[in-house]
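These notes concern the structure reproduced below.
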Amino acid sequence: MENLLETFNERRGELWSELLDHLGISIISLLIAMVIAIPLAIWVVRHPKVAEIGLQVAGVLQTIPSLALLGLLIPLVGIGTTPAIIALVIYALLPIFQNTYLGISEIDPAIEEAADAFGMSKMRKLFKVELPMARPAIVSGIRTAMVLIIGTATLAALIGAGGLGTFILLGIDRNDMPLIIIGTISAALLSIILSLLIRWFERAKPWQSLVGLAILVVLLGGGGIYSAYANQQQTVTIAGKLGSEPEILINMYKELIEDENPDINVELKPNFGKTTFLYNAVKNDQIDIYPEFTGTVLETLIDDESIDTQGLSEEETYNQAKEKLQEQDQLTLLEPMSYNNAYALAVKDEFKEEEQLESISDLSNIQSDIQAGMTLEFIDREDGLRGIEDLYNLDFETSSMEPALRYQAIDDGRVNLIDAYSTDSELREYGLSILDDDKGLFPKYQGAPLMSTEFADENPQVVEALDKLGGKITEEEMQEMNYEVNVEDETPANVAHSYLTDNGLLEEDE
């Protein structure tokens, strides 16, 4: 409890900011869904066959996995709040549409006939009879949609839209339970408060509802208008993948760029979840820069099956990655840093000593005793488990796990072998050793800034600033910085600043 309160006090400013983002995305999505679903449901009441089709379509849309939907939307509308709102609107359509349709269509026919007997027009009957009688069902659908939106909106953090999902995803990645609890409780409280607010709207008089709605619009829109016009500097947007290491790097990028040119304002978007999200974002000019790895470029991002990374040197890997990026998508990969954040297989120190393990080849002697926990991405990669099975002729039992959970699993003894990155702070934290890749399966993974060639040509000062990191940062230094963030609770910004000043890339603070 003490740790929870301490984390809350440290991050309450961030919490308030993310809470407002979450609230804004949720309410805007709900309002758009209502504007679409309620009139459409009213219209199809008179067209039962169309209503059936509409319900089927809305139901099918709701079955699309949210992460897949976000991935499909990024190439079309970019990153940030736009794809998040579109996805949330899609998920909210079914409960609002269905409840509105059922609420009106199930009104007693005798009441409908009585309204007709009084000579009411269709419009007057709708507003005086049908909508008032269907109101409880409609409001119930809206409340269901709101709860659904609040929960699903946590994934908006994966595409740079912010929200309470930032706390949850960061907590999972860093194995920080207080962050997860704060994000989860905040989302639950927000859902309860908005549910009560919707109930108030149901009981309020029309003029009160309009005033309340106007206040919400002003509150939600004011911040966006202020942000758009308050700062007229050139803005460079830098994003990073989920985890401490990318966040440290993008903070370094920010300081170096702003130090080189104080007229440039750098906006950071940390904790994106997927490589492909970021890659599509930079291709579509939704972000300007993000840190990528040379091996990832060749293995994942370049559409060329003839590429073989096995046995390539660091220089050869970088040169191929740079050349292929330019040819395929007119993107530029700047000079990489020194460290190689390669894939690796790791075991507990005592297990390594007990089984006399030094290399991956040594696992062949204990295949039947191996219980492996690995990320789904690693399991499915040719330079991951598939390649290990083929090149090393190994076959052992493997369970798929989220990145942070596999470290907990090996520490608890539930597994005895995991995949890792060579700069992970958890290697030091949990007392793990990396097995030597004695047959050279894993490609070289050196980090470097990735941007469009057009952006690089138009911003030589940005390129010059980022090139200062070329050839810098060893694996030991990167692992230590990750450890400071993940274990010692230093902020990525402070760790980044300390490295830059300690190594003469920035002047010391006065």
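The values are calculated or read from the model by the stated rules, or taken from the named source; none is laboratory data. Treat the numbers as computed from the prediction; the structure is a model and nothing was measured. When we count neighbours, we look across all protein chains shown, and the Cβ atoms used for this are built from the backbone with ideal geometry, even at glycine.
One table, with the values for the structure above:
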read-out	value
So Y318, is it touching a strand residue (DSSP E or B) at 6+ places or on another chain (Cβ under 8 Å), under 27 Å from N251 (Cβ atoms), aromatic (F, W, Y) and outside any helix (DSSP H, G or I)	no
Filter result for L94 (of a type outside the set (F, W, Y) and out of contact with any Gly (no Cβ under 8 Å at 6 or more places or on another chain))	no
Subset tally (residues that are free of Cβ contacts under 8 Å to residues at least 60 places away in the same chain, assigned to a helix (DSSP H, G or I) and more than 17 Å from I42 (Cα to Cα)) for the stretch 65-110	10
Whichever residue in the stretch 92-118 is of a type in the set (S, T, Y) and either modelled with pLDDT of 90 or more or touching a strand residue (DSSP E or B) at 6+ places or on another chain (Cβ under 7 Å) (or both) and, among such residues, is farthest from I142 (Cα to Cα)	Y101
From I366, I379, I418, residue being crowded, with 18+ Cβ neighbours inside 10 Å and among the hydrophobic types (A, V, I, L, M, F, W, C)	I418
Subset of the stretch 323-367 (residues that are in a helix (DSSP H, G or I), of a type outside the set (D, E, K, R) and closer than 27 Å to A409 by Cα)	F351, I360, S361, L363, S364, N365, I366, Q367
Residues that are of a type outside the set (K, R), surrounded by fewer than 15 Cβ atoms within 10 Å (Cβ to Cβ) and farther than 18 Å from L148 by Cβ, drawn from the stretch 32-74	P39, W43, H47, P48, V50, E52, I53, Q56, L72
Conditions (1) modelled with pLDDT of 90 or more; (2) in contact with a helix residue (DSSP H, G or I) (Cβ under 8 Å, 6 or more places away or on another chain); (3) crowded, with 23+ Cβ neighbours inside 10 Å; number of the one not met by Q326	(3)
Qualifying residues in the stretch 265-287 (those that are farther than 22 Å from I168 by Cα and assigned to a strand (DSSP E or B)) - the one farthest from the chain's Cα centre (by Cα)	N265
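For every residue, the table says whether it meets (1) closer than 23 Å to F201 by Cα; (2) over 27 Å from the mean Cα position of the chain (by Cα).
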position	(1), (2)
V45	no, yes
G54	no, yes
A68	no, no
P83	no, no
L88	yes, no
